[in-house]
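K.L.:
Sharing a structure here in structure tokens format.
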Amino acid sequence: MYFAMEEWDKAKENYEKALQHDPAYYYSWHNLGLTAYRTGDLDTALKNYQQAIALNSQFERAYFEIGSIKIDQENYDEALGYLETAIKLNPDFSDAYINLSHSYLKLNPYKKAEEMSRKAIERDPMNSEIYIAYLNMAEAQAELGKYDEAIKNCNKANELKPESDTVYNLFGLVFEKMGHTEKARHYYQKTLTLNSENKEAQQRLTALTDGVV
């Protein structure tokens, strides 16, 4: 209840009380990790997730959460290991495929990023975060020169997440790669209208304006 209400201190107190009654209940350690993560205490979150795994080595959510923290820390190689373990334990874990695709994008195996995005969509097309899989797939396809497919998936992401600066920024990146400078500029400007703090759109728009690519 307190977690859903974002009352983190009370949520933490609740989970700690649960652990006093049953210190071996892995899910309470997981929930305590989630609470620590939400308050920005990544080290404590990691320790709590590791404790959950120590108590239940088959608990895929804890591996997923550790992988997500590794992504936040830009430690993509380590993230892959945890996320792949989560998927081995639960082959239908759509969110894990989404985060895997993101990690592969950062490490440059774009075909793997495309593949993981597709698997995320196949596993759970109704996932509330599935638009991210379409974005990751579009970005990978743009890097692979599959521009028509990339635009198609940008459009799909836009349907699922309308008026998102992240989506419009990716439209800009794809059109810029295609050499369509005016369209790219339009989408970067649209991005900044939605979020004036989007640094990538700021940088790309400045580069286009200055004639730097």
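The values are calculated or read from the model by the stated rules, or taken from the named source; none is laboratory data. Bear in mind the structure is a predicted one, so any value in this text is a computation, not a measurement. A quick note on method: Cβ atoms are made from the backbone with ideal geometry, for glycine too, and the neighbour counts reach across all protein chains shown.
K.L.:
Can you tell which of 143, 149, 122 is within 30 Å of residue 90 (Cα to Cα), more than 18 Å from the chain's Cα centre (by Cα) and without any contact (Cβ under 8 Å) to a residue 24 or more places away in the chain?
P.N.:
149
K.L.:
The conditions are (1) assigned by TED's automatic domain parsing to the domain that holds residue 95; (2) part of a helix (DSSP H, G or I); (3) out of contact with any helix residue (DSSP H, G or I) (no Cβ under 8 Å at 6 or more places or on another chain); (4) more than 24 Å from residue 76 (Cα to Cα), and residue 126 fails exactly one of them. Which is it?
P.N.:
All conditions are met except number (2).
K.L.:
Could we say that residue 47 is free of Cβ contacts under 8 Å to residues at least 24 places away in the same chain and either outside the structural domain of residue 73 (by TED's automatic domain parsing) or surrounded by 12 or more Cβ atoms within 10 Å (Cβ to Cβ) (or both) here? I'd like the intermediate steps shown before the answer.
P.N.:
Values: free of Cβ contacts under 8 Å to residues at least 24 places away in the same chain: yes; either outside the structural domain of residue 73 (by TED's automatic domain parsing) or surrounded by 12 or more Cβ atoms within 10 Å (Cβ to Cβ) (or both): yes.
Answer is yes for this residue.
K.L.:
Confirm whether residue 163 is surrounded by fewer than 17 Cβ atoms within 10 Å (Cβ to Cβ), of a type outside the set (Gly, Ala, Ser) and on the phi > 0 side of the Ramachandran plot. Walk me through it before giving the result.
P.N.:
Numbers: surrounded by fewer than 17 Cβ atoms within 10 Å (Cβ to Cβ): yes; of a type outside the set (Gly, Ala, Ser): yes; on the phi > 0 side of the Ramachandran plot: yes.
Against the criterion (surrounded by fewer than 17 Cβ atoms within 10 Å (Cβ to Cβ), of a type outside the set (Gly, Ala, Ser) and on the phi > 0 side of the Ramachandran plot), residue 163 qualifies.
K.L.:
OK, next. So how many residues does the stretch 118-160 have that are surrounded by fewer than 17 Cβ atoms within 10 Å (Cβ to Cβ) and either at positive phi or touching a Cys at 6+ places or on another chain (Cβ under 9 Å) (or both)?
P.N.:
Total satisfying the criteria: 1.
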